[in-house]
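Q: Got a structure for you, questions after.
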Amino acid sequence: MKLFPIAAMLVVLALPFSAAVAQDTIRGSFPVVKLKTFDGEKFVFPSGMQGSVLNIVFLGMGNDRESGEQQQGQLLDWQAALEAAGVFSDSVMPYHFSAMSSPPFFVKGMISGAMSKSYEGRFPMSQAGILYLKDLEDFAAEVELPIDGQPTIVIADASGQPLLLYKGLLSDAGLVSLVEAIRIASGEVAGINDDAAEESVAR
């Protein structure tokens with residue numbers, strides 16, 4: 001498992017409490033959940049995520065329909081802003097999941113169909129789906145995630161192990177903080193600094 005860089009921890013501790021706040025590093029792990037993505041393909045969460053260095057998990061956890069729909073839209077805004085910032089690649093891949101306590105089986109198709117429409121033309125259907133859970137609160141407790149009605153973004157390593165949690169609405173300051181954390185966790189910033197140091201020595 002890729003260890004979370006010490007430099008990233010320093011960034012977390014230095015971040016101001018703005019609209020989006022970086023929490024402490026996550027000590028829990030995602031439970032395994034089998035699902036179908038919105039393109040109809042089987043998927044095993046979290047191991048099915050394919051970022052070779054990091055996976056950015058946009059996670060909606062709503063106790064009711066209204067909260068779930070609001071978070072879905074807010075997380076799509078976050079993902080679009082991060083995409084515009086150029087953080088995604090084969091190394092750092094985004095995924096959208098809505099987590100909810102499992103409803104009766106005959107309702108699941110209606111929920112999936114309605115939610116998938118929000119992603120059409122905005123995000124790959126193969127990287128989004130619904131985590132139907134036995135109990136949402138148990139799921140959140142395993143990962144140490146608060147259920148508070150706010151959109152949740154988790155930086156996870158290549159294996160799907162959660163590293164860092166972000167909560168809150170999209171803001172300019174929050175976006176800068178999250179982009180910086182992703183670049184440090186992926187090694188991009190360290191790589192740039194190493195190159196600069198080597199160049200300085202050569203001179």
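Readers should treat all values here as calculations from the given coordinates under stated rules, not as data from a laboratory. Treat the numbers as computed from the prediction; the structure is a model and nothing was measured. So basically every Cβ, Gly included, is an ideal-geometry build from the backbone, and we count neighbours across all protein chains shown.
Q: For Ser186, what residues show an amide H to amide H distance below 5 Å, using hydrogens built from the backbone and excluding near sequence neighbours?
A: none
Q: Strictly greater than 22 Å: what percent of every Cα pair in the stretch 22-186 meets that?
A: So the pairs more than 22 Å apart make up 36 percent of the total in the stretch 22-186.
Q: Of all beta bridges DSSP finds with both residues in the stretch 22-186, what is the antiparallel percent, to the nearest 5?
A: 55
Q: Check the straight Cα-Cα distances from Lys134 and name the lysines below 23 Å, setting aside those fewer than 8 residues away within the same chain.
A: Hits, sequence-local ones excluded: Lys34, Lys36, Lys42, Lys108.
Q: Taking the number of other C-beta atoms within 10 Å as the exposure measure, put Ile147, Ile26, Ile130 in order starting with the fewest.
A: Ile147, Ile26, Ile130
Q: Taking the simple approach of a point 7 Å from Cα along Cα-to-Cβ for both Glu66 and Ser47, what is their distance in nm?
A: Distance between label points: 4.0 nm.
Q: Give me Tyr166, Tyr132 ranked fewest to most by other Cβ atoms within 10 Å of their Cβ, as a rough exposure proxy. Walk me through the numbers before you get to the answer.
A: Values: Tyr166 24, Tyr132 20.
If I rank by nearby Cβ atoms, fewest first, I get Tyr132, Tyr166.
Q: Please list, ordered by chain and number, the residues whose modelled amide H lies under 5 Å from the amide H of Asp157; skip anything fewer than 5 residues away on the same chain.
A: Those qualifying (amide H under 5 Å, at least 5 residues apart or on another chain) are Asn55, Leu163.
Q: Would you mind computing, in nm to one decimal, how far apart the modelled labels at Gln161 and Phe106 are, each placed 7 Å from Cα along Cα→Cβ?
A: 4.5
Q: Hey, another quick one. Can you tell me the length gained on complete extension of the stretch Asp148 to Leu169, counting 0.36 nm per residue apart and subtracting the Cα distance?
A: Working: separation 21, 0.36 × 21 = 7.56 nm, distance 1.24 nm.
Extending this stretch completely gives an extra 6.3 nm.
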